[in-house]
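Below is one structure, written out as structure tokens; the observations come after it.
Just so it is clear, none of the values below were taken in a lab; they were calculated from the coordinates. Every value quoted in this text rests on a predicted model; they were computed, and no experiment measured them. No Cβ is skipped: glycine too gets one built from the backbone with ideal geometry, and neighbour counts run over all protein chains shown.
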Amino acid sequence: MERTLSIIKPDGVKRGLIGDVIKRFESNTIRIAAMKMVHLTQSQAEGFYAVHKERPFFNSLVAFMTSGPIVVMVLEGEDVIAKNRTIMGATNYKEAAEGTIRRDFATDIEKNVVHGSDAIETANVEINYFFNTFEIIS
Ligand code: CMP
């Protein structure tokens with residue numbers, strides 16, 4: 001059983017897409033093991049995306065991620081890291097496959113509705129960034 005971190009970004013929350021996103025997880029045998037809504041501060045968003053700090057889009061990404069509340073979830077299931085990435089679609093919604101969250105809902109390479117961890121190591125770091133052991137229900 002694997003775990004991954006999923007975020008519904010400020011654009012997804014503002015546009016009322018929380019239910020649509022969760023529906024896609026639950027209907028694909030992915031279980032929600034933890035969930036909360038948070039509004040990131042600048043330093044919290046900078047910390048989460050620290051790996052991108054040299055990228056030209058970093059400042060804009062931090063501004064976007066602090067522009068409103070987000071929903072963070074721990075997803076659990078077999079092969080859930082890869083499964084979640086398939087359900088999300090490519091980062092750039094223009095390259096995302098038909099029927100993926102980003103293809104259906106994203107409006108911009110930055111405002112792409114969801115984030116998902118890309119590997120086991122990053123999933124562990126990202127889950128621990130938002131949740132402690134007692135908040136994750138197996
Ligand atoms: P995410 O999967 O959360 O990882 C980094 C985020 O940076 C990405 O989704 C987008 O929201 C944002 N971003 C903005 N521009 C780019 C870009 N050119 N390439 C990758 N990510 C970008």
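Using r as the Cβ-Cβ distance of Ala82 and Lys36, and R0 as 35 Å, what FRET efficiency do you calculate, to the nearest 0.05?
Using R0 = 35 Å, I get an efficiency of 0.90.
Using 1/(1 + (r/R0)^6) with R0 = 35 angstrom and r between the beta carbons of Ile109 and Ser138, what's the FRET efficiency to the nearest 0.05?
0.50
If we sort 108-120, 72-84, 53-65 on the protection proxy, mean other Cβ atoms within 10 Å, highest first, what's the order?
72-84, 108-120, 53-65
Using all alpha carbons of the stretch 1-121, what is the percent of pairwise distances in each 5 Å bin, ordered from the shortest bin to the longest?
Per 5 Å bin, starting at zero, the Cα-Cα P(r) for the stretch 1-121 comes out as 2, 12, 22, 25, 23, 13, 3, 0 percent.
What lysines sit close enough to Lys23 to cross-link, taking a C-alpha to C-alpha distance under 24 Å and skipping anything fewer than 8 places away on the same chain?
Lys9, Lys14, Lys36, Lys83, Lys94, Lys111
Give me Val21, Val38, Val13 sorted ascending by neighbouring Cβ count inside 10 Å, so fewest comes first.
With the sparsest Cβ surroundings first, the list reads Val38, Val13, Val21.
Please compute the modelled spin-label separation between Asn124 and Thr91, points set 7 Å along Cα→Cβ, answer in nm with one decimal.
2.3 nm
Return the long-range amide H neighbours of Asp118 (sequence gap of 5 or more, or a different chain), with a cut-off of under 5 Å between placed amide H atoms.
For Asp118, the qualifying residues are Ala123.
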